[in-house]
Amino acid sequence: MSLTVAGRSAPRILVVGASQGMGRAAALRLASGGARVALVARTSADLDVVAKDVSAAGAADVLTVAADVTDPAAVAAAVDAPAARWGGLDGLVNAVGLCEPVSGGFLETDDGHWQRAFDAVLLYAVRTCRAALPHLLDGGGAIVNVSAMSSRHYLPMMPHYSSQKLALAHLTKNLAKEFGARGIRTNAVMPGMVESDAVAKRKAAAMAEHGWDDEQFFEYVNTKYSQCTYGGRLGQPDEVGAAIAWLLSDDASYVNGAWLPVDGGSAF
């Protein structure tokens with residue numbers, strides 16, 4: 001199905017955090033709708049692999065930008081490159097989010113944990129939005145921030161991460177109010193327990209160690225995280241990617257400032 005954003009086909013979309021997980025899944029979904037997709041991540045080799053998949057999925061054009069988005073100069077360059085190539089932008093996806101659980105809880109979560117979460121969950125998104133908005137304001141468009149349902153789950157091992165994800169959701173509301181009447185929609189997806197690349201590795205190791213099947217691994221994880229989903233399984237990155245693509249698209253043209261749960265139903 002062809003994707004349109006702000007009335008434009010082959011929309012120009014920047015995906016930050018595109019090398020794996022939900023960012024990669026969003027890029028593939030956007031590509032299948034014929035979007036032009038700029039992929040941003042730290043490692044060129046990883047981006048090259050994703051770029052081949054995104055091109056094969058149907059993207060009208062693919063650009064890769066290797067950048068550490070905790071570096072302000074790198075953020076500016078990552079936004080400017082696709083805007084210069086395509087004469088502007090129609091959409092932005094912020095899908096970076098360092099998750100660094102601390103088993104000892106709050107008292108063992110030191111300043112370094114808090115600073116890394118602030119830089120890699122919230123501040124980079126502030127910078128990408130600040131850099132992208134002037135391009136979006138030229139013709140309208142949409143922003144989707146990847147927050148997390150953990151911001152409502154109050155998990156002792158990740159107060160730093162969850163706090164910044166909630167701050168990201170509130171940033172989304174602020175941008176929606178300030179720029180909505182100027183043609184820019186800003187929404188957030190709130191994923192629950194998703195089988196990201198990191199989770200898949202932990203799952204494979206746990207299944208091998210304990211002889212678990214998928215259902216047993218899910219029960220272990222759901223118990224560990226306070227029975228936080230009714231879904232009966234882990235979510236898949238593509239399910240979040242589909243929600244991101246929808247929120248960007250004109251099919252969601254009257255959706256602004258939303259926090260969209262993608263969590264299989266939440267117990268919180």
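Averaging 1/r over each pair of different alpha-carbon atoms in the stretch 2-103 and inverting the result gives 13.4 Å, the Kirkwood hydrodynamic radius.
Neighbouring Cβ atoms within 10 Å as the yardstick, rank Ile184, Ile13, Ile143 fewest first.
Starting with the residue having the fewest Cβ neighbours, the order is Ile184, Ile143, Ile13.
Volume per residue for the chain equals 125 cubic angstrom (convex hull of Cα atoms).
Each eigenvalue of the Cα gyration tensor of the stretch 114-268, multiplied by 5 and square-rooted, gives one semi-axis; in descending order these are 32, 17, 13 Å. Note: the stretch 60-198, Cα convex hull, 119 Å³ per residue.
Extension gain for the segment Gln236 to Asp138, taken as residue separation times 0.36 nm less the Cα-Cα distance, is 31.8 nm to one decimal. Angle check, please: helix 124-136 long axis (alpha carbons) against the longest principal axis of the chain (alpha carbons), in degrees 0 to 90, nearest 10. Once rounded, the angle reads 20 degrees.
With contacts defined as alpha carbon pairs under 8 Å and 6 or more residues apart, what's the relative contact order of the chain in percent? Working shown, then result.
Values: 552 pairs, mean separation 54.7, N = 268.
The value is 20 percent.
Based on Cα atoms of the stretch 54-102, Rg over Rh with Rh as the Kirkwood radius reads 1.04.
Can you tell me the mean projection area, over all orientations, of the convex hull of the stretch 165-233's alpha carbons? Units nm², please.
On the way: hull surface 24.4 nm².
Computing the convex hull of the Cα atoms and averaging its projections yields 6.1 nm².
What separates the Cα centres of the stretch 114-142 and the stretch 177-225 is a distance of 23 Å.
Find the lysine pairs in the stretch 135-268 meeting two conditions, Cα atoms under 22 Å apart and a separation of 8 or more places or different chains, and report how many there are.
Taking the Cα cut-off of 22 Å, the pair count is 5.
Summarised as an ellipsoid, the stretch 214-268 has semi-axes of 28, 13, 6 Å, derived from the eigenvalues of the Cα gyration tensor scaled by 5 and square-rooted, with the largest first. Normalised Debye scattering of the stretch 136-189 at q = 0.25 Å⁻¹ gives log10 I(q)/I(0) of -0.86, counting only Cα atoms as equal scatterers and leaving out solvent.
Remark: the stretch 88-104, residue by residue, has Karplus-estimated 3J(HN,Hα) of x, 9, 10, x, 9, 10, 9, 10, 7, x, 5, 10, 10, x, 10, 5, x Hz, where x stands for each Gly or Pro and the curve is 6.51 cos²θ - 1.76 cosθ + 1.60 at θ = phi - 60°.
Between Tyr220 and Lys177, the FRET efficiency from the beta-carbon distance, with R0 = 41 Å, is close to 0.50. Residues considered: Ala59, Ala38, Ala200. Largest GNM mean-square fluctuation over the chain, using C-alpha springs under 10 Å, is found at Ala200. Taking Cα atoms only, the orientation of helix 44-56 departs from the longest principal axis of the chain by about 70 degrees. For the pair Arg202 and Leu107, label points projected 7 Å from Cα toward Cβ lie 2.3 nm apart.
Any read-out appearing in this document is the output of simple, stated calculations on the displayed coordinates, not a laboratory observation. Worth saying up front: this structure is predicted, and the values here are computed from it rather than measured. Glycine also receives a Cβ, built like all others from the backbone with ideal geometry; neighbour counts cover every protein chain displayed.
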